[in-house]
Amino acid sequence: MEIFLLLMIKHAIIDLGCQPFGLGNHKIKYFGWPAHIKHYIPHGVLTMFVLAFYSSIEVAILLGILDYILHWHTDFFKTNIREYFKWNNTQRQFWLLNTADQILHFLGYYVIILIAT
């Protein structure tokens, strides 16, 4: 339970508090490197840091890489769906899509914790 709490705090900080503005243009591209460097990689690295206290360093590294990959693909598909339909934050569909995005991130953490423990 403590791992989940720490991963949720990490997620809120990186996904909401520290996400740079304007990354959407880079998240549309599969290899939009600014999004990788400024958003996806920090998710993976901080997941490694959290898990290093609860598992071996090898497991923490592998699961941090998994978090990086899951976050990348979830955001890539969310951003492309949003752009395809031209949804914006004044539309219910935009918020439903963001809800699905967050649920997928939480499911990723659930899987990561199952593997780590």
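Numbers at a glance
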| read-out | value |
| --- | --- |
| Residue under evaluation Gly32, criteria (1) within 24 Å of Ile115 (Cα to Cα); (2) out of contact with any Gly (no Cβ under 8 Å at 6 or more places or on another chain); (3) buried (at least 18 other Cβ atoms within 10 Å of the Cβ), criterion not met | (1) |
| Condition check for Thr79: of a type in the set (Ser, Thr, Tyr), open to solvent by less than 60 Å² (accessible area, probe 1.4 Å) and not in a loop (DSSP other than H, G, I, E, B) | yes |
| Residue count for segment 37-54, restricted to those that are more than 14 Å from Phe4 (Cα to Cα) and either surrounded by fewer than 20 Cβ atoms within 10 Å (Cβ to Cβ) or among the polar types (S, T, N, Q) (or both) | 5 |
| Candidate set from segment 1-18 (those that are closer than 18 Å to Leu104 by Cα and at pLDDT below 90); member that is surrounded by the most Cβ atoms within 10 Å (Cβ to Cβ) | Asp15 |
| So Lys86, is it basic (Lys, Arg), surrounded by fewer than 12 Cβ atoms within 10 Å (Cβ to Cβ) and at pLDDT 95 or above | yes |
| Among residues of segment 67-76, those that are among the hydroxyl-bearing types (Ser, Thr, Tyr) and either closer than 14 Å to Ile28 by Cα or open to solvent by 70 Å² or more (accessible area, probe 1.4 Å) (or both), counted | 1 |
| Within segment 45-59, tally of residues that are assigned to a helix (DSSP H, G or I) and touching a residue at least 40 places away in the same chain (Cβ under 8 Å) | 4 |
| Some residue of segment 89-97 being touching a residue at least 12 places away in the same chain (Cβ under 8 Å), part of a helix (DSSP H, G or I) and either surrounded by 14 or more Cβ atoms within 10 Å (Cβ to Cβ) or within 13 Å of the chain's Cα centre (by Cα) (or both) | yes |
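The values are calculated or read from the model by the stated rules, or taken from the named source; none is laboratory data. All of these numbers come straight from a predicted model, not from anything done at the bench. Backbone-built Cβ (ideal geometry, glycine too); neighbour counts: all protein chains shown. All accessible areas refer to the heavy atoms of the entire protein, side chains included, with ligands and DNA or RNA removed. Shrake-Rupley method; radii C 1.70, N 1.55, O 1.52, S 1.80 Å.
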